[in-house]
Structures are given as C-alpha cells and as structure tokens.
1. Considering only residues of region 101-117 that are of a type outside the set (Gly, Ala, Ser) and surrounded by fewer than 19 Cβ atoms within 10 Å (Cβ to Cβ), which is nearest to Asp83 (Cα to Cα)?
2. What's the number of the only condition in (1) at positive phi; (2) surrounded by 13 or more Cβ atoms within 10 Å (Cβ to Cβ) that Asn228 fails to meet?
3. Can you pull out the residues in region 170-194 that are over 26 Å from Val77 (Cβ atoms) and assigned to a strand (DSSP E or B)?
4. In region 183-197, what residues are aliphatic (A, V, I, L, M) and within 18 Å of Asn94 (Cα to Cα)?
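The values are calculated or read from the model by the stated rules, or taken from the named source; none is laboratory data. This one's a predicted model, so the numbers in the text were calculated from it and none came from an experiment. Here the Cβ positions follow ideal geometry from the backbone for every residue, glycine too, while neighbour counts run over all protein chains shown.
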Amino acid sequence: MNKVEKNYTIDPSLLMKDEPMFKHTSWKVGGNVDLFFKPNKISILARFLKDLDQDVEIYWVGLGSNLLVRDGGFKGVMICTLDLPREFEELDNNRIKVSSGLPCAIFSKKCVRLKLSPTSFFAGIPGTLGGALAMNAGAFGKETWEYIESVETIDRKGEIRERTPQEYEVNYRSVESKQEEWFIGATFNLTRNEKVNISQTKKMLNKRGKTQPIGLRSCGSVFRNPENSFAAKLIDEAGLKGLRIGDAEVSKKHANFIINLGSAKASDIEELIFRIKEKVKDKFGIELELEVKIIGQHHINT
C-alpha cells in the first residue's frame, strides 16, 4: 500500500481512487488522479490532512476552470472544495465572510442583492472564491485581493489560521506565501451602494458573451496580459486565431481562449500553448506567461 492508498479514518465515499480528471475540469480533458477527495465538512478535511503523509503532493480544485491536467494524470491527491459548506455571512454593514467553495458567480449575485460594491465583476470569473484567492482572479479591471480584509487558511497538519493581506505578496494574477497553506475562506470589505443592481451584472455578462466564447469547453484566459499589452491582441496579430491541433483550437472569437471542440487531449492543448508562446515570442519578442495551471505527467517542454 503506497502513501496515497493508505486507509483513512473518514467516510470512504468521500475518496475516489484513480479518478478521471476530465470529469472535474472545464476543458474536459486530463488523466487520472491517484486519489480524489471531496470533503463535506472542514473538520473532515482537517482530519484527512493530518493523516496524509507530508511528502504526498496535493492540488486543490473547485470548478476546474483554470486547470490543465496532463493525459498521464496526477500522482498525488486532488482535494475538491465544492461539497464544503457554502458559507456567506454578513458580519456588519459592508463586511462579508465567505467560504472558498462558493462559486464567484453566486457570491456576486448575493452581494448585488445586498447592494454591496464592487462585486458585479465576480460574475465574470468562472471559478470558485478559493481559486480567485489563489490567483488574484479578476475581470473588467477589478481584482479579488483589492477587497480582502483577511483570509482563513488550513495547512498540512489540519491547523486553521487567520491571515491578513500583508502576509502575502499579491500581484497581477499571482499570490505568493511563505507558508504551505490553502485558502478555505475570506472576509471581504466592500462598499454599500444603493445604485448597485442586477442590471449592471447582466450588462457586464452580455459584454463578456459578445467578446468571449462562453459556454464552450475552455479554461477562460490561457495567458496573463503582458505589461502595457493584451495577450489576445498579440495572439491575434500573430495570425493564430483558428490554429488547431487535434480538437484543440485557438478561439476565433477571443484569441486568449483555447477551445476543446469535442475530443481534444490535454497534450493537444499543451502543444497549442507551446506553439502560441513560440509564435508570439518570434514576432514580438514577448514571452507570454501562463494564467492556466498545468500539472501532472507527460511534460512538453515550454
């Protein structure tokens, strides 16, 4: 019995061995993970982490909207936050405490009903708040960490802490910490604004729908925007819209999206990513940085 397959003192129905990751990512690709864990309580999550061998690799997933798992799968444990309690608590007039498994779109809707601003932009983030915290996700010129008062984390020993933004290095689509901890919740400090209404959110989403391939198998934006430029503009001007490898295609609608047309493999998508980076660097001398996370076996050197 290896370190992942050991017996755990929790409900076995929460654990799935050799789970196909194409079921849990928005690209609908990816090989198997050794162990897929979907806890329904923080106390169960803490117990599992405490029992887990310290050298087993862990990756966290919510809606899987910013993740490419290679065809060879992931050798370790995938922890999914979607079944954890979806906490949304009003602390006072403008402070909201939330759990990391809450989808950003639901968070936005609840905040708009309470006339809290600026939260409409969260409706344009295709993931959970845990993912938004981990990468400082943003949309329409706003970013998650602009409105964070504190975060709640859990470590490999199952210990829970509260931390402030000052304990992290937060940049564009990047959040770095000295601790090996994961976000399980956050407190947002927002602004009460009686002018906020659902029509603003709908207007944002309509604009997004006109410019992005919503509803198709993608991960959202693949690359970060370089300083003083836009990844989509560079990819488009490099003549790469519609470039296809297997069933993976650079979107004809938005060049910073890669679409799985139906039967793409993770290797097709990764090879397309490599081609895009190569062409953009050759034409503009700019090295595009990934926004999507790539994990697992069968590495293509990028």
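1. Ile106
2. Against the list (1) at positive phi; (2) surrounded by 13 or more Cβ atoms within 10 Å (Cβ to Cβ), Asn228 comes up short only on (2).
3. Once the filter is applied, which keeps residues that are over 26 Å from Val77 (Cβ atoms) and assigned to a strand (DSSP E or B), region 170-194 yields Val170, Asn171, Thr187, Phe188, Asn189, Thr191, Arg192.
4. Selection gives Ala186, Leu190, Val196.
Every residue, every condition in (1) in a loop (DSSP other than H, G, I, E, B); (2) surrounded by 14 or more Cβ atoms within 10 Å (Cβ to Cβ); (3) modelled with pLDDT of 95 or more; (4) of a type in the set (Val, Ile, Thr), yes or no:
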| site | (1), (2), (3), (4) |
| --- | --- |
| Asn7 | yes, no, no, no |
| Ser13 | no, no, no, no |
| Asp18 | no, no, yes, no |
| Thr25 | yes, yes, yes, yes |
| Phe36 | no, yes, yes, no |
| Leu49 | no, yes, yes, no |
| Asp71 | yes, yes, yes, no |
| Gly76 | no, yes, yes, no |
| Asp92 | yes, no, no, no |
